[in-house]
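Novice: Structure provided below as structure tokens; questions to follow.
The values are calculated or read from the model by the stated rules, or taken from the named source; none is laboratory data. Computed from a predicted model, the values in this text were never measured in an experiment. Cβ atoms come from the backbone with ideal geometry, glycine included; neighbour counts cover every protein chain shown.
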Amino acid sequence: MHKIFTDWQPYHNDLFGEHTVNLGHSLADSGLFQDDALADLIERTPRQSYHVSTMDPESHDPRSRREGMIDGLSGDQVLQAIRNGHIWLNLRDAADYNPAYGALLEEIYRELEERTGTKTFKQKMTILISSPNVRVGYHSDVPGQTLWQVRGTKKVYLYPNKAPFLPPADLEKIILGQAHEVSLKFEPWFDDHAQIVDLEPGRMLSWPHNAPHRVVNHDCLNVSVTTEHWTSPLRNAYGVNYANGLLRSWTGAKTLSQSTQSATAYPKLAVALAHKMAGLQKLRRHRFNIDFAVDPNAPLGFVDIPPFELGK
Ligand SMILES: [Fe+2]
């Protein structure tokens, strides 16, 4: 019994994962994204499972991004701050604090696997609650990704997953942890080559692997879900790009095949695996400077606090 996708056609079986698809979904029917459910989830979510962030509302300059904290507020007060302010809240690990979110994630992937015939693994869900007009800058995600709009509307710009939009060397650096995913260079003329979608509640988007994208909220509170997953082909592409990143840094090679089928693919996968297993790749250390606290009474939804460092 398929309940998640509301307008999936047989031809989507072949499109999904390879091309951009925009499909109807029933996530809102779960009741898990109404204010009361979200307020409850916010109250259950401990420090290590959320990020709350802001960016200069005038310049939208990614370098103005700041990280904050939630302290002594009810879930309703946090929602009020997001609704009236300029912040966004990422809730990870929702299944750990309410198993109904885990059941929904399982349902999504069970249906996707049945429809596409592709096995997925390492599925994750993030719930994103964001203020009116908030933006997410140009970036590329490493795993397979989908974006589900549940409340509010956002404009999504999707770009081809090839140079010059995604130079292989830049993707390799992101995969090797040498660069942040938002470090990709963006040029305004890229928009002439973008697919631009006003994503309404009840619609979801899936795009080709690693395709760069950016997002601009309409003037309303947005509640969205992102899911990520891996498949064997995605893992092989990751391995080849990982090895190419190493080969490029060792040999200075300019052109390296991204094919997962060529004669060099298997040695590359072996190199990537050996390197990863040996722990030779220094893991990027995540440390966050926390310098604001969410406050529903402040005009932007937060107040400045004395900065402190938080490890992850
Ligand atoms: Fe993304």
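Novice: Filter segment 179-216 for residues that are among the acidic types (D, E) and more than 13 Å from P62 (Cβ to Cβ) and give the result.
Specialist: E187, D191, D192, D198, E200
Novice: Is it true that some residue in segment 173-181 is crowded, with 17+ Cβ neighbours inside 10 Å, away from the ligand (no atom under 16 Å from the Cβ) and more than 30 Å from V271 (Cβ to Cβ)?
Specialist: Within segment 173-181 (the criterion being crowded, with 17+ Cβ neighbours inside 10 Å, away from the ligand (no atom under 16 Å from the Cβ) and more than 30 Å from V271 (Cβ to Cβ)), the answer is no, since none of the residues qualifies.
Novice: Another question about this same structure. Of all residues in segment 93-136, which are aliphatic (A, V, I, L, M) and within 12 Å of the ligand (Cβ to nearest atom)?
Specialist: Matches in segment 93-136: L128, V136.
Novice: Would you pick out the residues in segment 204-222 that are buried (at least 17 other Cβ atoms within 10 Å of the Cβ) and either assigned to a loop (DSSP other than H, G, I, E, B) or away from the ligand (no atom under 16 Å from the Cβ) (or both)?
Specialist: W207, H209, N210, A211, P212, L221
Novice: While we're on this one: State the number of residues belonging to segment 17-29 that are charged (D, E, K, R) and in a helix (DSSP H, G or I).
Specialist: Going through segment 17-29 one residue at a time, the tally reaches 1.
Novice: Hey, another quick one. For A81, all conditions in the list (1) touching a Gly at 6+ places or on another chain (Cβ under 7 Å); (2) under 28 Å from S232 (Cα atoms); (3) more than 16 Å from the ligand (Cβ to nearest atom) hold save one; what is the number of the exception?
Specialist: (2)
Novice: Have a look at D61, D40, D35, D76 and point out the one that is more than 16 Å from L300 (Cα to Cα) and modelled with pLDDT under 95.
Specialist: Sole residue among the options that is more than 16 Å from L300 (Cα to Cα) and modelled with pLDDT under 95: D61.
Novice: Residue pairs, Cβ under 7 Å, 6 or more apart or interchain, first in segment 137-162 and more than 13 Å from the ligand (Cβ to nearest atom), second assigned to a strand (DSSP E or B) and of a type in the set (D, E, K, R). List them.
Specialist: Going by the 7 Å Cβ cut-off, the qualifying pairs are Q149/R203; T153/D198; K155/D198.
Novice: Being surrounded by fewer than 17 Cβ atoms within 10 Å (Cβ to Cβ) and closer than 19 Å to A28 by Cα is the requirement here; does A94 meet it? Outline the logic, then answer.
Specialist: Values: surrounded by fewer than 17 Cβ atoms within 10 Å (Cβ to Cβ): no; closer than 19 Å to A28 by Cα: yes.
Spelling it out, it is not the case that A94 is surrounded by fewer than 17 Cβ atoms within 10 Å (Cβ to Cβ) and closer than 19 Å to A28 by Cα.
Novice: Identify the single condition in (1) under 24 Å from G17 (Cα atoms); (2) buried (at least 18 other Cβ atoms within 10 Å of the Cβ) that K162 does not satisfy, given that it satisfies every other one.
Specialist: (2) is the only condition that K162 fails.
Novice: Return the residue satisfying two criteria in turn: it lies in segment 223-242 and is outside any helix (DSSP H, G or I) and in contact with a Gly (Cβ under 9 Å, 6 or more places away or on another chain), and of such residues it is farthest from the ligand (Cβ to nearest atom).
Specialist: Filtering segment 223-242 for residues that are outside any helix (DSSP H, G or I) and in contact with a Gly (Cβ under 9 Å, 6 or more places away or on another chain), the one farthest from the ligand (Cβ to nearest atom) comes out as T231.
Novice: Regarding D191, is this residue over 25 Å from S26 (Cβ atoms) and either in contact (Cβ under 8 Å) with a residue 60 or more places away in the chain or touching a strand residue (DSSP E or B) at 6+ places or on another chain (Cβ under 7 Å) (or both)?
Specialist: yes
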